[in-house]
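*Asks:* Take a look at this one; I'll ask things after.
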Amino acid sequence: MRLAIVLTIFRKELHETLRDRRTLVMMIGLPVVLYPLMLIGISKLQEARTEATEARPSVVAIWGDVPPALVRALEDGPSLTPRVDLGLDPPLADDLRAGRLVVPPLVETDEPPRQSRRPDQVRREQDNPVLDAARALVTSRRADAVVVAWSGLEAAVADDDAGHLSVYFDSVRDDSRTARERLASALDTYRASVRQQRLLSRDPPLADGFFSVFDVLVRDVSPPARQAGFILGTFLPFLLVSLSLFGGFYPAVDLTAGEKERGTMQTLLCAPIRSAEIVVGKFLTVWTVSLVAAGANVASLALTMARVLPAGQLEVAWSTYGLTALMLVPVTLTTTATFLAVAVFAKDFKDGQNFLTPVYMLLVMPSAVTMLPGIELNPWTAFVPIVNIALLIKALLVGEAAGELMFLTLVGSAAYASLAVALAVRVFQREQILLGGKESARAVLGLERRSGGVPSPMVVTSLFAVVLVLAFYGSLLLEARSVPVMLLVTQYGFFLLPALAVVWGLGYSPRATLSWRLPSVAGLTAAVLVGVSAWAVVGGVVMRLAPPPDSLVRALERVLMLGDEPMPLWVVLAVIAVTPAICEELFFRGVVMSGLRRLGQWQAIGISSLLFAVAHASIYRLLPTFVLGVLLGFLVWKTGSILTGMVVHALNNGIAATLTKSPDLAASLGVRGDTLDWTITGAALVLTAIGLALAMSLRPHVDPG
């Protein structure tokens, strides 16, 4: 072998590999920056979570006749907040104090023997009403742990004997495990104190329980299936997400950079087809492969777990696996579009792999958050891409996925998927990039300034996704503020400002985009008729079909009243009626619906109404808000004026706020509780029908812009 020739070939290949700056950035620069940022971010997140857990006092329910000195010891314990009789039904409390409920016997578990099992895992407390009540209380998170003083404890402590205590906790929850540790410390301190007092005041002979003071039986209320789901949920989301995404990795490279390398991309561009049709076809191909990979992974996992896990002890329901596979759909949507949008910049297959490898790592690593203790699905994590789906899969396996959080997670994932698809379509519309050329980031992202016209569907979809995420996290940050401040900042900062910024910043026609023109007298009359009756139609018909929970009704009433402090009616109307009428109408019936006009009347009204409903971030408000959005969109479409939408919106919200603030007026109109009298509902239906019929008689206004 001639070393000189080997070195010459080595220098030539290395030079060709490294001469492309984009390859260097993606292959070397991005990983150098990516991993430190991710590790630092994860460590900071874990530190913040640990500090929050340590700072949070553990709520402990105290049941039975607990000696007052023990209650004081718990109050003085490490971050413990004892609550006497919290969550305990009166009959059960009477039975406990009267001694009709005694210390439950221990029974042998029917789990298969393992040498590693602790003694408390060999024998468990027999099922009893107290255990059931404690499990319900701790699982519902109203308490972190429950301490039960069985009958005779106080007398036993006074007589130098030993009583019986039970401590119930949930091993799946970090807060509950922390409460157990704090309780153990507080009980040991109390036991040592009592023992010291006994030694000082008593002489031998000593009773059997002289030194023990009380026996403590610790019981994990989490059933075996929930414990198995917690263990599986720690690492399975990472495996499922990483393997599912890997299924679309090579197809994405082959259908973009591979086509460039084979020279078939130019042929495809010469065909009489649109760029959007090309990207959608390629997107569906890669997405299908990713979905098949996701389904195969979940099916293999389910069969393996069914074979490995002990039957009847650690089973995971098949429906849980089905929901898990369903949760991977929005993830694969987002990652498929991202892969295509990035891989199309590569000039050949090898270049494509270099581009996508760090992107793949960037998308996969967040799913490892399930391995960190204390991180769970909540409003703050529901809109974090990839993380939200991983945590939702874990919640499904544990069996505590809440409907509202699942809805928010899917909404957030759909928003990110929309952004990724819009980016992929935009990139494929740039022939310079498809043919290997370069363009500025401003041109690729479609941020060039126009001279008139209205936004495209892709622009408004992307705008809505960004606004939805910003408004959601903005409202969370504003929770500590008063209700008026939160509403005003959300409306003007997250709806009106982005709408005006897009129109004037990108040069769209304000008149055409915002439907900014005066309505006709007939159009205004139709708006007034619908505005004064829409609240009753929604409240009397839609709310009967899908009644919201009481907690949401109370929360909405508090918002309509602008908090707990009484406010003048004009302030309530200004914040609740006028402000949303201006801000939300200019955004949804203005920018969003004008951008969707080219899809057709009902498509534009339906999609803008759905986005309007989704923006209210509640699964229970989805249907009524969608119905209201359809009425608003239809009137604006028919009259060609955003002012009609503002009139309907202001009247609808204003009447609802006025009735909430004036219960006597509401009662006189037939509002009983949360429902409307059918007479009022029927009259409202008639008025709404007359208003819509009047609007239908108008000629639709079509702006040339």
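*Asks:* Looking only at the stretch 69-94, count how many residues are more than 41 Å from the chain's Cα centre (by Cα) and at pLDDT 85 or above.
*Replies:* The number of residues fulfilling the criteria is 1.
*Asks:* Looking at Thr23, Thr17, Thr109 in this structure, which one is surrounded by 12 or more Cβ atoms within 10 Å (Cβ to Cβ), over 42 Å from the mean Cα position of the chain (by Cα) and modelled with pLDDT under 70?
*Replies:* Every option except Thr17 fails the conditions.
*Asks:* Here's a follow-up. Looking at the stretch 338-352 only, could you name the residues that are closer than 25 Å to Ala390 by Cα and open to solvent by 10 Å² or more (accessible area, probe 1.4 Å)?
*Replies:* If the condition is that a residue be closer than 25 Å to Ala390 by Cα and open to solvent by 10 Å² or more (accessible area, probe 1.4 Å), then Thr338, Val342 are the ones that fit.
*Asks:* Report, ordered by the first and then the second residue, all pairs with beta carbons closer than 9 Å, sequence separation of six or more or different chains, a first member in the stretch 144-164 that is under 8 Å from Val213 (Cα atoms), and a second member that is of a type in the set (Phe, Trp, Tyr) and open to solvent by 40 Å² or more (accessible area, probe 1.4 Å).
*Replies:* Ala162/Phe211
*Asks:* Which condition does Leu562 not pass, out of (1) more than 29 Å from the chain's Cα centre (by Cα); (2) outside any helix (DSSP H, G or I); (3) of a type in the set (A, V, I, L, M); (4) within 24 Å of Phe495 (Cα to Cα), if it passes all the others?
*Replies:* If we test Leu562 against (1) more than 29 Å from the chain's Cα centre (by Cα); (2) outside any helix (DSSP H, G or I); (3) of a type in the set (A, V, I, L, M); (4) within 24 Å of Phe495 (Cα to Cα), just (1) comes out false.
*Asks:* Let me ask you something else. Applying the selection to the stretch 261-307, what residues are among the aliphatic types (A, V, I, L, M), closer than 19 Å to Pro251 by Cβ and open to solvent by less than 80 Å² (accessible area, probe 1.4 Å)?
*Replies:* Met265, Leu268, Ile278, Val279, Val280, Val286, Val289, Leu291, Ala293, Ala294, Ala296
*Asks:* Moving on. Considering only the stretch 443-494, how many residues are charged (D, E, K, R) and under 27 Å from Ser608 (Cβ atoms)?
*Replies:* 3
*Asks:* If you don't mind, there's one more thing I want to ask. Can you confirm whether Ala512 is touching an Asp or Glu at 6+ places or on another chain (Cβ under 8 Å) and assigned to a helix (DSSP H, G or I)?
*Replies:* Values: touching an Asp or Glu at 6+ places or on another chain (Cβ under 8 Å): yes; assigned to a helix (DSSP H, G or I): yes.
Answer is yes for this residue.
*Asks:* If you don't mind, another one. Have a look at Leu669, Leu631, Leu643, Leu665 and point out the one that is within 19 Å of Ala536 (Cβ to Cβ) and at pLDDT 90 or above. It would help to see each step written out before you state the result.
*Replies:* Details: Leu669 fails: at pLDDT 90 or above; Leu643 fails: within 19 Å of Ala536 (Cβ to Cβ); Leu665 fails: at pLDDT 90 or above.
That would be Leu631, the only listed residue that is within 19 Å of Ala536 (Cβ to Cβ) and at pLDDT 90 or above.
*Asks:* Looking at Leu556, Leu573 in this structure, which one is within 28 Å of the chain's Cα centre (by Cα) and either among the polar types (S, T, N, Q) or assigned to a helix (DSSP H, G or I) (or both)?
*Replies:* Answer to the check: Leu556.
*Asks:* Against the condition of a type in the set (Gly, Ala, Ser) and touching a Leu at 6+ places or on another chain (Cβ under 9 Å), how does Ala617 come out, does it pass? Talk me through it step by step, then tell me what you get.
*Replies:* Working: of a type in the set (Gly, Ala, Ser): yes; touching a Leu at 6+ places or on another chain (Cβ under 9 Å): yes.
Yes: the conditions hold for Ala617.
*Asks:* Of the residues Leu468, Leu445, Leu377, which single one is hydrophobic (A, V, I, L, M, F, W, C) and either in contact with a Ser or Thr (Cβ under 8 Å, 6 or more places away or on another chain) or more than 29 Å from Ala276 (Cβ to Cβ) (or both)?
*Replies:* Exactly one residue qualifies, and that residue is Leu377.
*Asks:* Just to be sure I understand, how many residues within the stretch 91-105 are open to solvent by less than 80 Å² (accessible area, probe 1.4 Å) and either among the small types (Gly, Ala, Ser) or under 13 Å from Val66 (Cα atoms) (or both)?
*Replies:* Result for the stretch 91-105: 4.
*Asks:* Exactly one condition in (1) under 20 Å from Thr409 (Cβ atoms); (2) touching a Gly at 6+ places or on another chain (Cβ under 8 Å); (3) open to solvent by less than 30 Å² (accessible area, probe 1.4 Å) is not met by Tyr321; state its number.
*Replies:* Here Tyr321 clears every test but (2).
*Asks:* Can you tell me which of (1) modelled with pLDDT under 80; (2) assigned to a helix (DSSP H, G or I) is the one Pro310 doesn't meet?
*Replies:* Single failed check for Pro310: (2).
*Asks:* Can you pull out every residue in the stretch 369-389 that is within 21 Å of Arg177 (Cβ to Cβ) and not in a loop (DSSP other than H, G, I, E, B)?
*Replies:* Listed by number, the residues that qualify are Val369, Thr370, Met371.
*Asks:* Sticking with this structure for a sec: Considering only residues of the stretch 588-624 that are open to solvent by less than 40 Å² (accessible area, probe 1.4 Å) and polar (S, T, N, Q), which is nearest to Ala534 (Cα to Cα)?
*Replies:* Out of the qualifying residues, it is Ser609.
*Asks:* Test of understanding: among Arg544, Arg511, which residue is over 35 Å from the mean Cα position of the chain (by Cα) and charged (D, E, K, R)?
*Replies:* On the way: Arg544 fails: over 35 Å from the mean Cα position of the chain (by Cα).
None of the others qualify; the one that does is Arg511.
*Asks:* With the requirement that a residue be under 33 Å from the mean Cα position of the chain (by Cα), within 13 Å of Leu255 (Cβ to Cβ) and not in a helix (DSSP H, G or I), what does the stretch 344-359 give you?
*Replies:* Once the filter is applied, which keeps residues that are under 33 Å from the mean Cα position of the chain (by Cα), within 13 Å of Leu255 (Cβ to Cβ) and not in a helix (DSSP H, G or I), the stretch 344-359 yields only Val344.
*Asks:* For Glu431, are the conditions met, namely being free of Cβ contacts under 8 Å to residues at least 60 places away in the same chain and touching a Leu at 6+ places or on another chain (Cβ under 7 Å)? I'd like the intermediate steps shown before the answer.
*Replies:* Numbers: free of Cβ contacts under 8 Å to residues at least 60 places away in the same chain: no; touching a Leu at 6+ places or on another chain (Cβ under 7 Å): yes.
It is false that Glu431 is free of Cβ contacts under 8 Å to residues at least 60 places away in the same chain and touching a Leu at 6+ places or on another chain (Cβ under 7 Å).
*Asks:* What pairs come out if I take residues in the stretch 166-194 that are closer than 18 Å to Val398 by Cβ and pair them with residues that are surrounded by fewer than 20 Cβ atoms within 10 Å (Cβ to Cβ) and polar (S, T, N, Q) whose C-beta lies under 8 Å away, six or more apart or interchain?
*Replies:* Asp170/Thr139; Ser171/Gln227; Val172/Gln227; Asp174/Thr53; Asp175/Thr53; Arg177/Ser171; Thr178/Thr53
*Asks:* For residues that are open to solvent by less than 40 Å² (accessible area, probe 1.4 Å) and touching a Pro at 6+ places or on another chain (Cβ under 9 Å), scanning just the stretch 507-539, find the one that is modelled with the lowest pLDDT.
*Replies:* Ranking the qualifying residues of the stretch 507-539, first place goes to Gly539.
*Asks:* Take Thr335 and tell me if it is on the phi < 0 side of the Ramachandran plot, open to solvent by less than 50 Å² (accessible area, probe 1.4 Å), outside any helix (DSSP H, G or I) and of a type in the set (Ser, Thr, Tyr). Give the derivation first.
*Replies:* Details: on the phi < 0 side of the Ramachandran plot: yes; open to solvent by less than 50 Å² (accessible area, probe 1.4 Å): yes; outside any helix (DSSP H, G or I): no; of a type in the set (Ser, Thr, Tyr): yes.
No, not satisfied.
*Asks:* Of all helices (runs of 4 or more DSSP H) completely enclosed by the stretch 440-499, which ones contain at least 1 residues that are under 17 Å from Pro379 (Cα atoms)?
*Replies:* 457-477, 483-491
A quick yes/no check of all residues on (1) acidic (Asp, Glu); (2) more than 13 Å from the chain's Cα centre (by Cα); (3) under 30 Å from Ser176 (Cβ atoms):
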site	(1), (2), (3)
Ser367	no, yes, yes
Glu400	yes, yes, yes
Leu405	no, no, yes
Ala424	no, yes, no
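*Asks:* Considering each residue of the stretch 197-233, count those that are hydroxyl-bearing (Ser, Thr, Tyr) and either open to solvent by 50 Å² or more (accessible area, probe 1.4 Å) or modelled with pLDDT under 75 (or both), and give that number.
*Replies:* 2
*Asks:* From the list Leu397, Leu392, pick out the single residue that is in contact (Cβ under 8 Å) with a residue 60 or more places away in the chain, touching a Gly at 6+ places or on another chain (Cβ under 7 Å), open to solvent by less than 20 Å² (accessible area, probe 1.4 Å) and in a helix (DSSP H, G or I). Let's see the steps before the verdict.
*Replies:* Details: Leu392 fails: touching a Gly at 6+ places or on another chain (Cβ under 7 Å).
It is Leu397.
The values are calculated or read from the model by the stated rules, or taken from the named source; none is laboratory data. It should be emphasised that the depicted structure is a prediction, and the values quoted were computed from it without experimental measurement. Heads up, the Cβs are rebuilt from the backbone with ideal geometry, glycines too, and the neighbour counts pull from every protein chain shown. We work out accessible area using only protein heavy atoms, side chains counted, and drop any ligands, DNA or RNA first. Shrake-Rupley method; radii C 1.70, N 1.55, O 1.52, S 1.80 Å.
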